[in-house]
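> Got a structure here, written out as structure tokens. Questions coming.
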Amino acid sequence: MRKSVTLVDIAKRCNTSNVTVSKALADKSGVSPELREKIKQVAEEMGYVSVKTANTRKKKNIGVLIPDKFISASGSFYWVLYNNLVQMLMKKNHYCIMEILSEEDERALVMPNMVMDKKISGLISLGQLSLKYAKKLRDQIPEMIALDYYISDFEVDTVITNGYSGAYKITNYLISMGHTKIGYVGSKFATSSILDRYMGYSKSMLEKGFEIRSEWTIDDRDSEGDFIEMKFPDILPTAFVCNCDEAAYIVIKQLKAMGYSVPNDISIVGYDNYMISEMSDPKITTIAIDATVMAAQAVKAVIERIENPLLPFKVRNLEGDLNIKNSVRKLK
């Protein structure tokens, strides 16, 4: 087995003392800039690993908790995020343990097994939780990250996309394509993300002086977060902004069953840009979210929280890009 490099080894190579080497590597005063640089270079060449670094490199179990209402057999953006989390944690030399939270356990405030059995060092909570459940969960494991949602006045590290900005951007795109009668698909108060996207849509419409009609704001899920058959009025807008690609996919199927053509009769846009937007016919114009970047930010946040529990809480807000496909028709 290869012997670990020590401060003594570096001191001998640099012809100086152990104390000087220690100060240089810790960026403390008392060492000239030239000698400090030389010591750091020699330490790197010799493969020196500090005790602190060695401790942080130890394999850890990181939990990922996903409410079952946010995943489906046909796949969802959360499966994409979860797969990226696994890969990112592997790159950081950590393990990933996933647990699905049932609606019954969330209502009864039953904590995940991986938390109660103390099998994990940190937790990534993927998908909106109730405030009561989130507070109890954080009390059990303070090293917790909220991914793709936030709760007001709740102190926890958060990684979200800027749904407000994304929905504003894609609604502006519809308007640039000649649409003035635009509806919104999404149960506004189901999650913080859906509400943010509704607010972005509303800002775009109000800025341009276009009416937001209540009958064109369509609920897409019930109080439990499950998708429902949508109820459309007799008179429809020329376009719908949907809160996610899965909702957009369902809208297209339902409108087709009603005898409408997308985009010839009605244009549809979504949010996320995961595989269902490509499977759809037509392919869905959407806001592209980089799941790899989101996962990387979440992994970075949870590891930092584990290593330094006293860090101030931080919200990491990621922007999305407009991805134009085939689901929007330009009006004259």
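Throughout, read-outs are computed from the coordinates displayed, never taken from laboratory work. Keep in mind the model is a prediction, meaning the values are calculated, not measured. Cβ atoms come from the backbone with ideal geometry, glycine included; neighbour counts cover every protein chain shown.
> Kindly express, to the nearest 10 degrees and within the range 0 to 90, the angle between helix 131-140's C-alpha long axis and the longest C-alpha principal axis of the chain.
So the inclination is approximately 10 degrees.
> In addition: Step through the table entries Lys169/Lys283; Lys203/Lys332; Lys169/Lys330, compare each Cα-Cα distance with 21 Å, and write down the pairs that go over it.
Too far apart for the 21 Å limit: Lys203/Lys332.
> Do you know the relative contact order of the chain, to the nearest whole percent, from alpha carbon pairs under 8 angstrom that are 6+ apart?
16
> Taking H placed 1.01 Å from N in the peptide plane, check which residues at least 5 places from Ile124 or on another chain put their amide H under 5 Å from its amide H.
Gly63, Val64, Leu65, Ile145
> Using only helices, what value at 222 nm comes out for the chain when you add -39,500 (n - 2.57) per DSSP H run of length 4 or more and divide by the total residues, to the nearest 500 deg cm²/dmol?
Helix-only estimate at 222 nm: -12000 deg cm²/dmol.
> With angles folded into 0 to 90 degrees, how steeply does helix 291-307 sit against the dominant principal axis of the chain? Use alpha carbons for both and round to 10.
The answer is roughly 40 degrees.
> Which lysines, on any chain, are close to Lys136 with Cα under 30 Å apart, when same-chain ones fewer than 8 places away are left out?
Lys58, Lys59, Lys60, Lys69, Lys92, Lys118, Lys119, Lys188, Lys300, Lys314
> What's the Cα-based Rg to Rh of the chain, Rh via Kirkwood?
Answer for the chain: 1.12.
> Another one. Comparing Tyr149, Tyr168, Tyr133, which has the greatest mean-square fluctuation in the GNM of the chain with Cα pairs linked when under 10 Å apart?
With Cα springs under 10 Å in the chain, the top fluctuation among Tyr149, Tyr168, Tyr133 is at Tyr133.
> Starting from the coordinates of the alpha-carbon atoms of the stretch 94-219, obtain the Kirkwood hydrodynamic radius over all distinct pairs and give the value in Å to one decimal.
After inverting the pairwise mean of 1/r, the radius is 16.7 Å.
> Tell me which residues come under 5 Å, amide H to amide H, from Phe240 once H is placed; ignore anything under 5 positions away on its chain.
Under 5 Å from the amide H of Phe240: Gly183, Ser267, Ile268, Val269.
> Can you list the aspartates and glutamates whose alpha carbon is less than 14 Å from that of Lys40, not counting same-chain residues fewer than 8 positions off?
In chain and number order, the partners are Asp9, Asp27.
> Moving on to the next point. Any idea what Rg and Dmax come out to for the stretch 163-289 if you just take the C-alpha atoms, in Å?
13.0, 36
> Which whole-angstrom value gives the distance between the alpha carbon centres of the stretch 176-234 and the stretch 241-317?
That distance is 15 Å.
> Moving on to the next point. Quick one: dipole size for the stretch 163-289, taken about the Cα centre, charges +1 on Lys/Arg Cβ and -1 on Asp/Glu Cβ, in debye to the nearest 20.
Charge dipole, the stretch 163-289, about its Cα centre: 440 debye, nearest 20.
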